[in-house]
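Take a look at the structure set out below.
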Amino acid sequence: MEETIKYTPLHDWHLMHGANMGSFAGYDMPMWYKGGAKEEHLSVILSAGLFDTSHMAVISVKGKGAFDLLQRCFSRDLAWGKKDGKDASMTGKCVYGVFLNDSGGVIDDAIVYGVAPSDYLVVVNAGNGEKLASHLRIHAGTHPVDIEDHTDKLGKMDLQGPLAGRILQDAGAFSGMDIREMNYFTFKGHFLGNVSGPSINGIPVLLSRTGYTGEFGFEVFMKKEAMPAIWQSIIDAGEKWHILPCGLAARDSLRTGAVLPLSHQDIGDWLFLNHPWTFALPFDKGKKGFTKPFIGKDALESNMRTHSHVTYPFAGFDLRKVTTSKAPSVFTKDGKKIGNVLTCVTDMAIGRHDRTIISIAEKNTPQHIAIKGLSCGFLKSEVPLKPMDMVTLDDGSRKIDVEIRADLRPHRTARHSMDKMMVS
Amino acid sequence: MKEINELILPNDLFYTEAHEWAKTEKNSVKIGITDYAQDQLGDIVFVELPQVGDTFEKGSVFGSLESVKAVSEIYMPVSGKVTAINTALADSPELVNQDPYAAWIIEISPTDLSETDTLMKKDAYLKQLKG
């Protein structure tokens, strides 16, 4: 079947600015621009980068049954406020989690936005809007919920990096707002303009303290037709802060260094157990059970004790990587095959000082250490490993030794406060 | 991404289907990758080189170029013995992006110089790129 290639509202801009384009989830997307992916990756660590992410899908879930539906389908407990006798509403908050099928496999990962107690937005990966919308419709049954897939009807861009706040301020986005309230994983405003909130060029936007790079920054949602003008305003405001437009290659290396999974590569249609992302599950305090029922719960619970595959982050000792399209395997030092590689990229912002990983973001990096990048990613092992264990990755044409790590790129800024990031 | 008419393709080089170039000099051949190849690969961050004295058959892999995007093997345009490697690429792999024709990768002593007859000249290579 021949598929039609889709374009975002910024496609002409990307071509005019020399982007190297490639296909991603059916969309013709910028992989990198003229300066290259390395410079883009570093700009997000040191200044700011702007990503066209309007290929991602947004679904609205509204109505009296909306909260219950999401609480039943989404992997996070959205009712955490209830226990203090407060309103259960998560209005103004964003929550990262996954939608599982009955077998405990991942349909997609997502961020759920609480617009109002009976009004939510669900942001999923490119190409998954209709799939998730129909999953939700099936589980809504006859409950009073209105589900709408906004795929290709909205614009979205991610402004990421330590200077992102100052750039948005210069773009006028914060006028009349108390920006100190923009905590990590909260949002303000709406692209419909029906609430007071941030705007750029007089156009209302939904602005959230989220992103997928591990660095301080924002996702900006707007109506599709407003996107080119807003993109240009942010690029113009960011010029003096050395902003760079960034493609999907930098996004992939940044998210990997930040230990964030790529859906259908690092997580997917297999049991969502034993991985670095257990925070996305509603574990109770003892981590033995869950705080709520949800789709996939039974499958996870019945396999929790016996499931032996574990996904781990790893880091190499220089920037050489293995090629994931060659299906690389994982071997122990004595040559026993124990698993496979899910992601392997180079994080160009990190290097090593013996077995410690250091970042160019560190102010006190030892002078004699040249940071040239390290290969890193995720592997799935059939046997338990622990941090600092050494394994060998082999893609058939190259072998590299890597180390299991609890974390990858240090000194990430995503959780820093607005106060901290707005002072120079 | 460069348009085909923006690509630099010198007249005095031989080209391969895998986007290497070969330049014949008296008794040696210098080998590198084309402007098209470097543009497709993007940032080259590491060059894996053979050792002087290694011999390779035409079409076999003699090294690799690591870009942010991928690891790409580089193939011998003609058979021969490596007589020199461009050591500057060890510290500055980006030279391949900056000027892929000045940034030669290896120099070889060819086994049989007539093997260059099987390589493409600029026009044929350009035709391949245009598809």
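Out of the residues in the stretch A:365-387 that are hydrophobic (A, V, I, L, M, F, W, C) and within 26 Å of the chain's Cα centre (by Cα), state the one that is farthest from the other protein chains (Cβ to nearest Cβ).
Going residue by residue through the stretch A:365-387, those that are hydrophobic (A, V, I, L, M, F, W, C) are A:369-371, A:374, A:376, A:378-379, A:383, A:385.
From what's left, within 26 Å of the chain's Cα centre (by Cα): A:371, A:374, A:376, A:378-379, A:385.
On the way: A:I371: 12, A:L374: 11, A:C376: 13, A:F378: 18, A:L379: 17, A:L385: 25 Å.
It comes out as A:L385.
Tell me, please, whether a residue that is at pLDDT below 95 and assigned to a strand (DSSP E or B) can be found in the stretch B:20-35.
At the first step, the residues of the stretch B:20-35 found to be at pLDDT below 95 are B:25-27.
If we keep only those that are assigned to a strand (DSSP E or B) as well, we get B:25.
Among the residues of the stretch B:20-35, at least one is at pLDDT below 95 and assigned to a strand (DSSP E or B), which makes the answer yes.
For residues in the stretch A:343-355 being of a type in the set (D, E, K, R) and in a strand (DSSP E or B), which is nearest to the other protein chains (Cβ to nearest Cβ)? First the steps, then the outcome.
Taking the stretch A:343-355 as the starting set, the residues that turn out to be of a type in the set (D, E, K, R) are A:347, A:352, A:354-355.
Still in the list and also in a strand (DSSP E or B): A:347, A:352.
On the way: A:D347: 10, A:R352: 15 Å.
If we take residues in the stretch A:343-355 being of a type in the set (D, E, K, R) and in a strand (DSSP E or B), then A:D347 is nearest to the other protein chains (Cβ to nearest Cβ).
Just the residues that are over 15 Å from A:A226 (Cβ atoms) and either open to solvent by less than 30 Å² (accessible area, probe 1.4 Å) or touching a Leu at 6+ places or on another chain (Cβ under 9 Å) (or both), please, taken from the stretch A:158-176. First the steps, then the outcome.
Residues of the stretch A:158-176 over 15 Å from A:A226 (Cβ atoms): A:158-170, A:174-176.
If the condition is that a residue be over 15 Å from A:A226 (Cβ atoms) and either open to solvent by less than 30 Å² (accessible area, probe 1.4 Å) or touching a Leu at 6+ places or on another chain (Cβ under 9 Å) (or both), then A:D158, A:L159, A:Q160, A:G161, A:P162, A:L163, A:A164, A:G165, A:I167, A:L168, A:F174 are the ones that fit.
Quick check: is even one residue across the stretch B:83-95 surrounded by fewer than 20 Cβ atoms within 10 Å (Cβ to Cβ), β-branched (V, I, T) and without any contact (Cβ under 8 Å) to a residue 60 or more places away in the chain? First the steps, then the outcome.
Within the stretch B:83-95, the subset surrounded by fewer than 20 Cβ atoms within 10 Å (Cβ to Cβ) is B:83-84, B:87-88, B:90-92, B:94-95.
So of that shortlist, the ones also β-branched (V, I, T) come out as B:83, B:87.
From what's left, without any contact (Cβ under 8 Å) to a residue 60 or more places away in the chain: B:83, B:87.
Yes, because at least one residue in the stretch B:83-95 is surrounded by fewer than 20 Cβ atoms within 10 Å (Cβ to Cβ), β-branched (V, I, T) and without any contact (Cβ under 8 Å) to a residue 60 or more places away in the chain.
Go through (1) out of contact with any helix residue (DSSP H, G or I) (no Cβ under 6 Å at 6 or more places or on another chain); (2) open to solvent by less than 40 Å² (accessible area, probe 1.4 Å) one by one and return the number of the condition A:M182 breaks.
Answer for A:M182: the failing condition is (1).
Quick check: is even one residue across the stretch A:265-279 without any contact (Cβ under 8 Å) to a residue 12 or more places away in the chain, on the phi < 0 side of the Ramachandran plot and polar (S, T, N, Q)?
Taking every residue of the stretch A:265-279 in turn, at least one turns out to be without any contact (Cβ under 8 Å) to a residue 12 or more places away in the chain, on the phi < 0 side of the Ramachandran plot and polar (S, T, N, Q).
Among the residues of the stretch A:134-145, is there at least one that is crowded, with 18+ Cβ neighbours inside 10 Å and out of contact with any Leu (no Cβ under 6 Å at 6 or more places or on another chain)? I'd like the intermediate steps shown before the answer.
Of the residues in the stretch A:134-145, the ones crowded, with 18+ Cβ neighbours inside 10 Å are A:135-136, A:140, A:145.
Going one step further and asking which of them are out of contact with any Leu (no Cβ under 6 Å at 6 or more places or on another chain), we end up with A:135-136.
Yes, the stretch A:134-145 contains a residue that is crowded, with 18+ Cβ neighbours inside 10 Å and out of contact with any Leu (no Cβ under 6 Å at 6 or more places or on another chain).
Please work out which one of (1) under 13 Å from the mean Cα position of the chain (by Cα); (2) within 14 Å of chain A (Cβ to nearest Cβ); (3) surrounded by fewer than 21 Cβ atoms within 10 Å (Cβ to Cβ) is the condition B:G63 fails and give its number.
(3)
Right, A:S196: hydroxyl-bearing (S, T, Y) and open to solvent by less than 30 Å² (accessible area, probe 1.4 Å) or not?
Against the criterion (hydroxyl-bearing (S, T, Y) and open to solvent by less than 30 Å² (accessible area, probe 1.4 Å)), A:S196 does not qualify.
Of all residues in the stretch A:136-181, how many are aliphatic (A, V, I, L, M), under 12 Å from A:I234 (Cα atoms) and assigned to a helix (DSSP H, G or I)?
Residues in the stretch A:136-181 being aliphatic (A, V, I, L, M), under 12 Å from A:I234 (Cα atoms) and assigned to a helix (DSSP H, G or I): 3 in total.
With the structure loaded, tell me whether A:G155 is crowded, with 22+ Cβ neighbours inside 10 Å, in contact with a Lys or Arg (Cβ under 7 Å, 6 or more places away or on another chain) and small (G, A, S) or whether it fails that test. So that I can check it myself, show each step before the final result.
Details: crowded, with 22+ Cβ neighbours inside 10 Å: yes; in contact with a Lys or Arg (Cβ under 7 Å, 6 or more places away or on another chain): yes; small (G, A, S): yes.
Yes.
At pLDDT 95 or above, within 14 Å of another protein chain (Cβ to nearest Cβ) and touching a strand residue (DSSP E or B) at 6+ places or on another chain (Cβ under 8 Å): which single residue out of B:L89, B:L95, B:L119 fits that description?
Numbers: B:L95 fails: touching a strand residue (DSSP E or B) at 6+ places or on another chain (Cβ under 8 Å); B:L119 fails: within 14 Å of another protein chain (Cβ to nearest Cβ).
B:L89 is the lone residue from the list that is at pLDDT 95 or above, within 14 Å of another protein chain (Cβ to nearest Cβ) and touching a strand residue (DSSP E or B) at 6+ places or on another chain (Cβ under 8 Å).
Count, please, the residues in the stretch A:276-311 that happen to be touching a Ser or Thr at 6+ places or on another chain (Cβ under 6 Å), open to solvent by 20 Å² or more (accessible area, probe 1.4 Å) and either within 23 Å of A:V345 (Cα to Cα) or at pLDDT 95 or above (or both).
Residues in the stretch A:276-311 being touching a Ser or Thr at 6+ places or on another chain (Cβ under 6 Å), open to solvent by 20 Å² or more (accessible area, probe 1.4 Å) and either within 23 Å of A:V345 (Cα to Cα) or at pLDDT 95 or above (or both): 1 in total.
May I ask you to list the residues in the stretch A:396-415 that are surrounded by fewer than 16 Cβ atoms within 10 Å (Cβ to Cβ), on the phi < 0 side of the Ramachandran plot, out of contact with any Asp or Glu (no Cβ under 8 Å at 6 or more places or on another chain) and not acidic (D, E)?
Of everything in the stretch A:396-415, those that are surrounded by fewer than 16 Cβ atoms within 10 Å (Cβ to Cβ), on the phi < 0 side of the Ramachandran plot, out of contact with any Asp or Glu (no Cβ under 8 Å at 6 or more places or on another chain) and not acidic (D, E) turn out to be A:K399, A:A406, A:R415.
Kindly provide the set of residues from the stretch A:312-340 that are within 19 Å of A:I267 (Cα to Cα), away from every other protein chain (no Cβ under 13 Å) and open to solvent by 10 Å² or more (accessible area, probe 1.4 Å), ordered by number.
Listed by number, the residues that qualify are A:Y312, A:A327, A:S329, A:N340.
Between a residue in the stretch A:26-47 that is facing chain B (nearest Cβ under 8 Å) and any residue that is part of a strand (DSSP E or B) and open to solvent by 30 Å² or more (accessible area, probe 1.4 Å), which pairs come within a Cβ distance under 8 Å, given they are 6 or more apart or on different chains?
A:A37/A:M31; A:E39/A:L244
Answer yes if at least one residue in the stretch A:371-390 is free of Cβ contacts under 8 Å to residues at least 24 places away in the same chain and among the aliphatic types (A, V, I, L, M), and no otherwise. It would help to see each step written out before you state the result.
First, the residues of the stretch A:371-390 that are free of Cβ contacts under 8 Å to residues at least 24 places away in the same chain: A:371, A:386-387, A:389.
Subset that is among the aliphatic types (A, V, I, L, M): A:371.
So far as the stretch A:371-390 goes, yes, one or more of its residues are free of Cβ contacts under 8 Å to residues at least 24 places away in the same chain and among the aliphatic types (A, V, I, L, M).
When you go through (1) in a loop (DSSP other than H, G, I, E, B); (2) farther than 26 Å from A:A37 by Cα one by one for B:A84, which number turns out not to apply?
For B:A84, the failing item is (1).
Among the strands (runs of 3 or more DSSP E) lying completely within the stretch A:212-326, list those that include at least 3 residues that are touching a Leu at 6+ places or on another chain (Cβ under 8 Å) and outside the structural domain of A:Y33 (by TED's automatic domain parsing).
Numbers: elements: A:217-223, A:243-246, A:310-316.
Qualifying strands (runs of 3 or more DSSP E): A:310-316.
The values are calculated or read from the model by the stated rules, or taken from the named source; none is laboratory data. All figures in this text were calculated on a predicted structure; none of them were measured in a lab. Quick reminder, even Gly has a Cβ in these numbers, built from the backbone with ideal geometry, and neighbours come from all protein chains shown. In case anyone asks, the SASA skips ligands and DNA or RNA and just uses the protein heavy atoms, side chains included. Shrake-Rupley method; radii C 1.70, N 1.55, O 1.52, S 1.80 Å.
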